[in-house]
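Structure record follows, encoded as structure tokens.
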Amino acid sequence: MNKGTTSKGEQDMSNFVLVYSGGSAGATDAERKQVMDAWGGWFGKLGDKIVDPGNPFSGHAKNISNGAVHDGAIGAPATGYSILKADSLSAAADLAKGCPVLQSGGKITVYEVTPM
């Protein structure tokens, strides 16, 4: 989808990938339920801006450089992702500010998807 104006004069929205690093799903069943409830509440607030709520990543990763495969991530390991739609990178970052991963010490990098 190219960003621009539709025939109805509405602004097209771009997709943005939120890549999570760190954070915690909770150590006990009660904490995990609280975390999942927080995610559900955040997704509820985002409504139709959610393209893909995403999933957590396992701790297993490989990185490839110059044809060689190595164990582990490059830099800080990513712990999950979500895909949202927004009018701009700044708007997507504002939406990300409410993400529950931030409440448990996590960080978020927001990337704009470039349509091909």
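Overview of results
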item	result
Shape category assigned to the chain from the gyration tensor of Cα positions, a/c cut at 1.5	oblate
Virtual paramagnetic centre 7 Å along Cα→Cβ of residue 111, amide N under 14 Å, in the range 18-59	18-21
CD proxy at 222 nm, helix term only [per DSSP H run n ≥ 4: -39500 (n - 2.57); per residue of the chain; nearest 500]	-7000 deg cm²/dmol
Sorted peptide list for 99-109, 64-74, 45-55, criterion being average Cβ within 10 angstrom, highest first	99-109, 45-55, 64-74
Rel. contact order, % - alpha carbon contacts under 8 angstrom, at least six apart, the range 18-112	47 percent
Spacing of the two label points (7 Å from each Cα toward its C-beta) at residue 31 and residue 74, in nm	3.3 nm
In the range 55-103, the trypsin sites (Lys or Arg not before Pro) that fall in loop regions by DSSP, at most 12 other Cβ within 10 Å	97
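Bear in mind these aren't lab numbers, they're just calculated from the coordinates by the rules spelled out. These numbers were taken from a predicted model, which means no experiment stands behind them. FYI the Cβ positions are ideal-geometry reconstructions off the backbone, even for glycines, and counts take in every protein chain you see.
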